[in-house]
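Enquirer: One structure, as structure tokens, below. Some questions next.
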Amino acid sequence: MMAQKWVVEKQKYEPYELPGENCSLYEEDMDRIVTCAQCGEPMVYGLGYCSREVHTEVGLAYIVCEDCYRMEWQRKADFENR
């Protein structure tokens, strides 16, 4: 499945292939196992975060794990502080 990813260094979106079929935008079951849209690891939906970088074409965020979410924030901070 294709999505788009915000590339901080370029300040633009680029096409992005999601790492699995089970990446999610929304779930009613917070205990459902989904795939992190960044690293592809299985995770509990309710423990995830809305990605700062991986979105649909209309800007809806995919769910990422805590580690990937922290890395997204770090990339943003590194870019702003260079």
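Enquirer: Order Leu25, Leu47, Leu60 by their accessible area, 1.4 angstrom probe, all chains in place, largest first.
Expert: Details: Leu25 70, Leu47 125, Leu60 95 Å².
Order by accessible area, largest first: Leu47, Leu60, Leu25.
Enquirer: Then there's this: log10 I(q)/I(0), Debye, Cα-only the chain, no solvent, q = 0.10, 0.23 Å⁻¹?
Expert: The Cα Debye sum returns log10 ratios of -0.22, -1.06.
Enquirer: For the full complex of protein chains and a 1.4 angstrom probe, list Tyr49, Tyr16 by accessible area with the highest value first.
Expert: Numbers: Tyr49 80, Tyr16 35 Å².
I get Tyr49, Tyr16, largest accessible area first.
Enquirer: Take every DSSP beta bridge with both residues inside the chain and express the antiparallel ones as a percent of the total, to the nearest 5.
Expert: Working: 14 of 15 bridges.
Taking every DSSP beta bridge with both residues in the chain, the antiparallel ones total about 95 percent.
Enquirer: Keeping the other protein chains in place, figure out the carbon and sulfur percent of the accessible area of the chain, with a 1.4 Å probe. Working shown, then result.
Expert: Values: 2750 of 5440 Å².
Reported share for carbon and sulfur atoms: 50 percent.
Enquirer: Can I ask one more? Report the local net charge at Glu41: Lys and Arg +1, Asp and Glu -1, summed over other residues whose C-beta lies under 13 Å from its C-beta. Spell out each step's value before the answer.
Expert: Values: positive: none; negative: Glu66, Asp67.
Result for the local shell: -2.
Enquirer: So what's the angle, to the nearest 10 degrees on a 0 to 90 scale, between helix 66-80 and the longest Cα principal axis of the chain?
Expert: Helix 66-80 sits roughly 10 degrees off the main axis of the chain.
Enquirer: For Glu57, Glu66, Glu14, Glu41, write out the residues from largest to smallest accessible area, computed with a 1.4 angstrom probe and no ligands counted.
Expert: On the way: Glu57 170, Glu66 75, Glu14 55, Glu41 110 Å².
Of Glu57, Glu66, Glu14, Glu41, the descending order of accessible area is Glu57, Glu41, Glu66, Glu14.
Enquirer: Per the helix-only calculation at 222 nm, which mean residue ellipticity applies to the chain, given -39500 (n - 2.57) for every DSSP H run of n ≥ 4 and division by its residues, nearest 500 deg cm²/dmol?
Expert: On the way: 1 runs with 15 residues, N = 82.
Here the helix-only value at 222 nm equals -6000 deg cm²/dmol.
Enquirer: With a probe of 1.4 Å, find how much accessible area region 1-66 has per residue, and write the answer as a whole number in Å². Intermediate values should be presented prior to the final figure.
Expert: Working: 4070 Å² over 66 residues.
Spelled out: the 1.4 Å probe surface of region 1-66, per residue, equals 62 Å².
The values are calculated or read from the model by the stated rules, or taken from the named source; none is laboratory data. Everything numeric here is computed off the predicted structure, so don't read it as measured data. Here Cβ is always computed from backbone atoms with ideal geometry, including for glycine, and neighbour counts include all displayed protein chains. Ligands, DNA and RNA are excluded from the accessible area calculation, which covers all protein heavy atoms including side chains. Shrake-Rupley method; radii C 1.70, N 1.55, O 1.52, S 1.80 Å.
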